[in-house]
């Protein structure tokens, strides 16, 4: 079974959508199997990350913004892909070092995530976007 999740972002940051995925698995009557998620864009990523303390998301955003600043930063003067804005090429770099797909085991219709783990879309662009994440659940045979 497959579906697409549409997520609206409001600029750089982490957007949790664990509940959306859990609801879909329950509605579809998923049993045991493997869930695969793939973000259908080249300037954002997918993460499994802590969902208890929001400071984790703030710190991750700050770290990656410092690691790969916008092209207006003098340290990024070597980049040539700049016509889509100063945040675009840095977004592609971040997406190239962070996962764009996730595999999550499912038992009895529930993802086997840890107690404090959630599924996040990590938006790397400054302006709002409509993002799509493809989901595929493959039941055990």
Only one of 26, 30 is surrounded by fewer than 16 Cβ atoms within 10 Å (Cβ to Cβ) and more than 15 Å from the chain's Cα centre (by Cα); which? 26
Looking at the range 126-141, can you tell me whether even one residue there is in a strand (DSSP E or B), surrounded by 11 or more Cβ atoms within 10 Å (Cβ to Cβ) and touching a helix residue (DSSP H, G or I) at 6+ places or on another chain (Cβ under 8 Å)? yes
Within the range 73-88, can one find any residue that is out of contact with any helix residue (DSSP H, G or I) (no Cβ under 7 Å at 6 or more places or on another chain), without any contact (Cβ under 8 Å) to a residue 60 or more places away in the chain, within 17 Å of residue 131 (Cβ to Cβ) and crowded, with 18+ Cβ neighbours inside 10 Å? yes
Search result, residues across the range 69-108 that are touching a strand residue (DSSP E or B) at 6+ places or on another chain (Cβ under 9 Å) and either assigned to a loop (DSSP other than H, G, I, E, B) or over 30 Å from residue 18 (Cβ atoms) (or both): 98, 99, 100
Search the range 28-57 for residues that are without any contact (Cβ under 8 Å) to a residue 12 or more places away in the chain and pair each with any residue that is in a strand (DSSP E or B) when their beta-carbon atoms are under 7 Å apart and the residues are at least 6 apart or on different chains. 56/49; 56/50
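All of the numbers you see were taken from the coordinates with simple rules; none came from a lab. Treat the numbers as computed from the prediction; the structure is a model and nothing was measured. So basically every Cβ, Gly included, is an ideal-geometry build from the backbone, and we count neighbours across all protein chains shown.
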